[in-house]
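Q: I have a structure here, written as structure tokens, and I will follow up with some questions on it.
Bear in mind that the values in this text are calculations on the coordinates, not laboratory data. In this text, all values refer to a predicted model and were calculated from it rather than measured experimentally. Here the Cβ positions follow ideal geometry from the backbone for every residue, glycine too, while neighbour counts run over all protein chains shown.
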Amino acid sequence: MGIEAFAHALPSVRHSAADLARLTGADERFIVEKIGLEGRYVLGPDETGVSLSAEACRVLFARFPELASEVDLLIVVTQTPDRRLPQNSAGLAAALGLRPSLAAFDISLGCSGYVYALTVAEGFLAATGKDVGVVVTCDPYSRIIAPADKDTNCIFGDAATVTLVRSGKGRGRVLATDFGTRGEDGDAICIPAGGAARPLVGAAASPDIPADALRLHMQGRAVFNFVNSIVPESIHRCLEKAGAKLEDIDLFALHQGSRYMLESMARRVGIPADRLLINMDRYGNTVSSSIPLLLSEVDAEGALSGRTVLMSGFGVGLSWATAVVRF
């Protein structure tokens, strides 16, 4: 499988760090200097995950006019679908007018989901003999965050990306991957209710579920410790599998959890500052979109071809996924 092209789209509403400080009561200087966020975008009242995903796809399709009739596989990575049922990929396929014979499904993973989805796409295309796939990411966490919660609302932003992959050809080749999940600590990032264990409707519904149990909860310190203990090991394992050394990597596209987390982990791994991609100052933590958003911007500048990139996503689960890709 080869990774051929990227595109992305941003929603209509932008919040500055000052806006977030007013909403949450957090210190604006802390938001800018520690979290690393100067501004972020969120869905407007008339926007949805499907509509933003469709916007990103149309940007890509404008560059490849025949693509809409060629897509064999559509994967949407999201943990915040527009509805519990049906899947966002079905709605997106309809919005784009894609042919009914394509395979379309969602992957319910957040910050590690993009690397997982690339691997799933590669395996699916190889197993079915199909040729063209698109991997879409869109996790509008703004719809599951309490506006006054400084632990989450000062971090996350919304964005959608799309990656075109082709069987047997393309500029980007995955050289090695590394995956893992520490499920026993998964509640460090969670929405406590609303699923089948604590449903809102039906015979098993709990009449006293508070609204607070339906929003995103995150234990920042636990996530930080997880990232700094597990992800450096994953990066080194993936490098070893690829037969590469740290100095062989031109660019590091790591999940944009927070600037402090990124820089702390980079020091632990030994990543040179000039090779570490950072854009969360403009977008915040866009969950599954953070890695492809980095790649889309670098590619738009013509700075991706000929480079070897290490990408690593980590978060909900607690899961991680690392890959070395040569463009």
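Q: Can you tell me how much longer the chain between Arg143 and Arg275 gets when fully stretched, taken as 0.36 nm per residue apart minus their C-alpha distance, in nm with one decimal?
A: 44.2 nm
Q: Reachable lysines from Lys150, Cα under 20 Å, same-chain residues fewer than 8 places away excluded?
A: Reachable lysines: Lys34.
Q: Please express the Cα-Cα pair-distance distribution P(r) of region 83-128 as a list of whole percents, one per 10 Å bin, running from 0 to the bin with the greatest distance.
A: 23, 46, 31, 0
Q: Using modelled amide H (1.01 Å from N, peptide plane; none on Pro or chain starts), what sits under 5 Å from the amide H of Val13, excluding residues fewer than 5 places away?
A: Val42, Gly44
Q: Out of every Cα pair in the chain, what percent are spaced more than 31 Å from each other?
A: Value for the chain (Cα pairs over 31 Å): 28 percent.
Q: So, one more: So what are the radius of gyration and Dmax for the Cα set of region 175-326, in Å?
A: Radius of gyration, then largest Cα-Cα span, for region 175-326: 17.9, 58 Å.
Q: Distance cut-off 31 Å, Cα to Cα: go down the list Lys130/Lys245; Lys169/Lys241; Lys130/Lys241 and report the pairs above it.
A: Violating the 31 Å limit, Cα to Cα: Lys130/Lys245.
Q: Taking the Cβ of Arg307 as the centre, find all other residues whose Cβ is under 14 Å away and add up their charges (Lys, Arg: +1; Asp, Glu: -1).
A: Its environment carries a net charge of -3.
Q: Related question: Once phi is turned into θ = phi - 60°, what whole-Hz ³J(HN,Hα) does the Karplus curve with 6.51, -1.76 and 1.60 give for every residue of region 42-52, x standing for Gly and Pro?
A: 9, 4, x, x, 9, 9, 9, x, 5, 5, 6
Q: Please give the peptides 165-174, 87-96 ranked by average Cβ packing (other Cβ atoms within 10 Å per residue), highest first, as a rough proxy for protection.
A: For the peptides 165-174, 87-96, the packing ranking is 87-96, 165-174.
Q: Additional query: In cubic angstrom, how much convex hull volume per residue do the alpha carbon atoms of region 2-170 span?
A: About 116 Å³ per residue, rounded to a whole number.
Q: Mind checking which of Gly133, Ile75, Phe156 is farthest towards the positive end of region 74-216's charge dipole, using Cβ charges of +1 (Lys, Arg) and -1 (Asp, Glu) about the Cα centre?
A: Gly133
Q: Say each of Ala126 and Ala62 gets a label point 7 Å from the Cα, pointing the same way as Cα to Cβ; how far apart are those two points in nm?
A: With each label placed 7 Å out from Cα toward Cβ, I get 3.5 nm.
Q: Taking the simple approach of a point 7 Å from Cα along Cα-to-Cβ for both Ser264 and Ala211, what is their distance in nm?
A: If labels sit at Ser264 and Ala211, their model points lie 3.3 nm apart.
Q: Follow-up. Would you grab the residues whose amide H sits under 5 Å from the one on Ala103? Only those 5+ places off in sequence or on another chain, please, with H modelled 1.01 Å from N.
A: Leu73, Leu74
Q: Add +1 for every Lys or Arg and -1 for every Asp or Glu among the other residues with Cβ under 9 Å from the Cβ of Asn88, and state the total.
A: -1
Q: Using Cα-Cα distances under 8 Å and only pairs 6 or more residues apart, what relative contact order does the chain have, in percent?
A: Value for the chain: 26 percent.
Q: OK, next. Pop out the ³J(HN,Hα) list for region 179-192 in order, Karplus 6.51 cos²θ - 1.76 cosθ + 1.60 with θ = phi - 60°, rounded to Hz; leave Gly and Pro as x.
A: Karplus-based 3J(HN,Hα) across region 179-192 equals 10, x, 8, 10, x, 5, 9, x, 6, 5, 10, 7, 10, x Hz.
Q: How far apart, in nm, are two points set 7 Å out from the Cα along the Cα-to-Cβ line at Ala90 and at Phe30?
A: 4.4
Q: Quick one: 3J(HN,Hα) in Hz for region 83-93, Karplus 6.51/-1.76/1.60 with θ = phi - 60°, rounded, Gly and Pro as x.
A: Running phi through 6.51 cos²θ - 1.76 cosθ + 1.60 with θ = phi - 60° gives 9, 4, 9, x, 5, 4, 4, 5, x, 5, 4 Hz.
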